[in-house]
Amino acid sequence: MIRPTQVPMREQDPKVRIRNFEEVPFGYTPEEAVSEAERCLQCKRAPCIQGCPVNINIPKFIREIREGDFRAAIRTIKETNNLPAICGRVCPQETQCQAVCTLGKKYEPVAIGRLERFVADWEYEHGVELPEVGKPTGFRVAVVGSGPAGLTCAADLRRFGHAVTIFEALHEPGGVLMYGIPEFRLPKRIVRAEIENLLKMGVELKLNVVVGRTVTIDELFARGYHAVFVGSGAGLPKFLGIPGENLIGIYSANEFLTRVNLMRAYLFPEYDTPVKVGKVVAVVGGGNVAMDAARTALRLGAERVIVLYRRTEAEMPARREEIHHAKEEGVEFEFLVNPVRFLDSGGKVSGVECIRMELGEPDESGRRRPIPIPNSNFVIPVDTVIVAIGNDPHPLVPRTTPGLATTKHGTIVADEDGRTSREGVFAGGDIVTGAATVISAMG
């Protein structure tokens, strides 16, 4: 008889984990993984494969887990996914492969993401098999950016035997995996291990190189590269554009999380890079980044963290799991509210004035449009604000690359094969799609 519910994953107690930055879920044991794998119906049509942006053969790797052949399972996953330990942790399986799981029509869907994480972690404990590198082709490719898109592209190109150099603007590779996602959701040792595997495959890595300023794409061609892949992501934060947004104590989520994650503020005083967090923190936004910022602020000592979102919980784009974890940890939520101005006290933020909203007809996103309710303004006293309302692509590469077509949103125009309007220039990930998920950037 099929178990109707997923095998639960053991986690740190909320009262304990809000005082540390260690990973929240502990992962499956081999016995738990096999038990969960036994729930898979092994569908012949397998809609889960189509639900996966990189088309992993999900029934096959789950069958291999069920049979106890974990090595075969990780090999199956890595046929199309170069970053399984990362994707198993941060990808929204509940809206992708698990959303179309046949078992989910009657019971809880198979916990595909947890099983992917399990076999990836198993491989790290029992020895990582590197992909086979093809015979040298003499073809040189420059990859701009070392986030999910850049890392995936570099690994795939090395498999074909091409010489690959990654150019990363920051002092440490990994892109959003390093600066954007907190340690308690994605331990940095996992990202570093994936990058180390790339280096073992022969990928060259150059840090502190800002393509578009340190060197242009045209100059890369002049240096002998035959093609360039642009995977520079979407790291330019959006702002509210309301009075008081420049007050001391107001961060973009991009800055806040970068300082905590990449600059290791969470390890202060071991690292002398502290971030000032007040007693009452307001986080504006309803996505995964907002949840990351809110949960991080709690761990840095905030007494209260309040998420302000202009729609209801049902419309929040954040993963259900992240919202659940935030609530467990004590994050408060104010729904159907929107900031209209920040209050000034000697140059520092002292409060946020909000207006209450109601939902009207659906907008272009398919969600009901929030409409302000007249004369419903109210003030929440705060001493720190984190604005997490999304990111745009940085315009530096398009601006310094003549003939590279972009959309009105600043994304690079590319076809389904990644070709851009410039000969030899390819692009993928958030710089093409706009800010999205890790697995979408890899697809």
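Kindly indicate whether Val7 is of a type in the set (Val, Ile, Thr) and touching a residue at least 40 places away in the same chain (Cβ under 8 Å). Spell out how you get there, then give the answer.
Details: of a type in the set (Val, Ile, Thr): yes; touching a residue at least 40 places away in the same chain (Cβ under 8 Å): yes.
In short, yes.
If Ala72 passes every condition in (1) hydrophobic (A, V, I, L, M, F, W, C); (2) under 23 Å from the mean Cα position of the chain (by Cα); (3) assigned by the TED database to the domain that holds Ile49 but one, which one does it miss?
All conditions are met except number (2).
Taking the range 213-236 as the search range and keeping residues that are modelled with pLDDT of 95 or more and in a strand (DSSP E or B), which one is nearest to Ala154 (Cα to Cα)?
The selected residue is Phe229.
Residue under question is Gly424, and the condition is that it be at pLDDT 95 or above and not assigned by the TED database to the domain that holds Gly212; does it hold? Walk me through how you get there before you give the answer.
Details: at pLDDT 95 or above: yes; not assigned by the TED database to the domain that holds Gly212: no.
Criteria not met by Gly424.
Are any residues in the range 302-320 acidic (Asp, Glu) and at pLDDT below 95, and if so, which ones? Step through it out loud before you land on a result.
Applying the first criterion (acidic (Asp, Glu)) to the range 302-320 yields 303, 313, 315.
Of everything in the range 302-320, just one residue is acidic (Asp, Glu) and at pLDDT below 95, namely Glu315.
Please find, among Val260, Val305, Val211, Val283, the residue that is farther than 26 Å from Arg185 by Cα and not small (Gly, Ala, Ser). Can you show your working first?
On the way: Val260 fails: farther than 26 Å from Arg185 by Cα; Val305 fails: farther than 26 Å from Arg185 by Cα; Val283 fails: farther than 26 Å from Arg185 by Cα.
After applying the criteria, what remains is Val211.
Looking at Ala120, is it surrounded by 22 or more Cβ atoms within 10 Å (Cβ to Cβ), within 22 Å of Lys200 (Cβ to Cβ) and at pLDDT 95 or above? It would help to see each step written out before you state the result.
Values: surrounded by 22 or more Cβ atoms within 10 Å (Cβ to Cβ): yes; within 22 Å of Lys200 (Cβ to Cβ): yes; at pLDDT 95 or above: yes.
Yes: the conditions hold for Ala120.
Give just the number: which of (1) touching a Cys at 6+ places or on another chain (Cβ under 9 Å); (2) part of a helix (DSSP H, G or I) does Val141 not satisfy?
Result: Val141 fails condition (2) only.
What about Met263, is it of a type in the set (A, V, I, L, M) and under 20 Å from the mean Cα position of the chain (by Cα)? Reasoning before the result, please.
On the way: of a type in the set (A, V, I, L, M): yes; under 20 Å from the mean Cα position of the chain (by Cα): yes.
Yes; evaluated as a whole, the condition is true for this residue.
Would you mind finding the one in Gly180, Gly145, Gly150, Gly174 that is buried (at least 16 other Cβ atoms within 10 Å of the Cβ), closer than 24 Å to Ile431 by Cα, at pLDDT below 95 and of a type outside the set (Val, Ile, Thr)?
Details: Gly145 fails: at pLDDT below 95; Gly150 fails: at pLDDT below 95; Gly174 fails: at pLDDT below 95.
Testing whether each residue is buried (at least 16 other Cβ atoms within 10 Å of the Cβ), closer than 24 Å to Ile431 by Cα, at pLDDT below 95 and of a type outside the set (Val, Ile, Thr) leaves just Gly180.
Please pick out the residue among Phe160, Phe118 that is more than 24 Å from the chain's Cα centre (by Cα) and of a type in the set (A, V, I, L, M, F, W, C). Please lay out each step first, then the result.
On the way: Phe118 fails: more than 24 Å from the chain's Cα centre (by Cα).
Within the list Phe160, Phe118, the selection yields Phe160.
Strands (runs of 3 or more DSSP E) wholly in the range 287-394 with at least 1 residues that are out of contact with any Phe, Trp or Tyr (no Cβ under 9 Å at 6 or more places or on another chain) and either of a type in the set (A, V, I, L, M, F, W, C) or surrounded by fewer than 16 Cβ atoms within 10 Å (Cβ to Cβ) (or both) - which ones? Break it down stepwise before answering.
Working: elements: 304-309, 332-335, 337-345, 348-362, 368-372, 378-381, 384-387.
Filter on the range 287-394 gives 304-309, 332-335, 337-345, 348-362, 368-372, 378-381.
If the requirement is being of a type in the set (Lys, Arg) and within 30 Å of Arg114 (Cβ to Cβ), which of these qualifies: Arg341, Arg367, Arg304?
Working: Arg341 fails: within 30 Å of Arg114 (Cβ to Cβ); Arg304 fails: within 30 Å of Arg114 (Cβ to Cβ).
Within the list Arg341, Arg367, Arg304, the selection yields Arg367.
How about the range 286-326: which of its residues are without any contact (Cβ under 8 Å) to a residue 40 or more places away in the chain and of a type in the set (Ser, Thr, Tyr)?
Answer for the range 286-326, where residues must be without any contact (Cβ under 8 Å) to a residue 40 or more places away in the chain and of a type in the set (Ser, Thr, Tyr): just Tyr309.
Glu270 - would you say it is without any contact (Cβ under 8 Å) to a residue 60 or more places away in the chain, closer than 20 Å to Leu257 by Cβ and either in contact with a His (Cβ under 7 Å, 6 or more places away or on another chain) or of a type in the set (Asp, Glu) (or both)? Before you say what the answer is, go through the steps one by one.
Numbers: without any contact (Cβ under 8 Å) to a residue 60 or more places away in the chain: yes; closer than 20 Å to Leu257 by Cβ: yes; either in contact with a His (Cβ under 7 Å, 6 or more places away or on another chain) or of a type in the set (Asp, Glu) (or both): yes.
Answer is yes for this residue.
Could you tell me whether any residue of the range 98-119 is of a type in the set (Asp, Glu) and without any contact (Cβ under 8 Å) to a residue 40 or more places away in the chain? If you could, list the steps in order and put the result at the bottom.
Taking the range 98-119 and keeping what is of a type in the set (Asp, Glu), we get 108, 116.
Checking the rest, the ones that are also without any contact (Cβ under 8 Å) to a residue 40 or more places away in the chain come to none.
Within the range 98-119 (the criterion being of a type in the set (Asp, Glu) and without any contact (Cβ under 8 Å) to a residue 40 or more places away in the chain), the answer is no, since none of the residues qualifies.
Can you pull out every residue in the range 259-286 that is out of contact with any Asp or Glu (no Cβ under 8 Å at 6 or more places or on another chain) and surrounded by fewer than 21 Cβ atoms within 10 Å (Cβ to Cβ)?
If the condition is that a residue be out of contact with any Asp or Glu (no Cβ under 8 Å at 6 or more places or on another chain) and surrounded by fewer than 21 Cβ atoms within 10 Å (Cβ to Cβ), then Arg259, Met263, Leu267, Phe268, Pro269, Glu270, Tyr271, Asp272, Thr273, Pro274, Val275, Lys276 are the ones that fit.
Can you tell which of Val385, Val352 is under 22 Å from Gly286 (Cα atoms), under 23 Å from the mean Cα position of the chain (by Cα) and in contact (Cβ under 8 Å) with a residue 40 or more places away in the chain? Give the derivation first.
Values: Val352 fails: under 23 Å from the mean Cα position of the chain (by Cα).
Among Val385, Val352, only Val385 is under 22 Å from Gly286 (Cα atoms), under 23 Å from the mean Cα position of the chain (by Cα) and in contact (Cβ under 8 Å) with a residue 40 or more places away in the chain.
If you scan the range 351-394, which residues turn out to be at pLDDT 95 or above and of a type in the set (S, T, N, Q)?
Asn375, Ser376, Asn377, Thr384
Looking at the range 144-174, which of its residues are part of a loop (DSSP other than H, G, I, E, B) and among the aliphatic types (A, V, I, L, M)? Working first, answer last.
Of the range 144-174, the ones part of a loop (DSSP other than H, G, I, E, B) are 145-147, 160-162, 168-174.
Across the range 144-174, the qualifying residues are Ala169, Leu170.
What is the residue count in the range 177-203 for residues that are more than 19 Å from Val24 (Cβ to Cβ) and not in a loop (DSSP other than H, G, I, E, B)?
Residues of the range 177-203 that are more than 19 Å from Val24 (Cβ to Cβ), as a first pass: 179, 192-203.
Restricting the remaining residues to those that are not in a loop (DSSP other than H, G, I, E, B) gives 179, 192-200.
Residues in the range 177-203 being more than 19 Å from Val24 (Cβ to Cβ) and not in a loop (DSSP other than H, G, I, E, B): 10 in total.
The values are calculated or read from the model by the stated rules, or taken from the named source; none is laboratory data. Remember, it's a predicted structure, so these values are computed and weren't measured experimentally. Cβ sites come from the backbone with ideal geometry, for glycine too, and all protein chains shown count toward neighbours.
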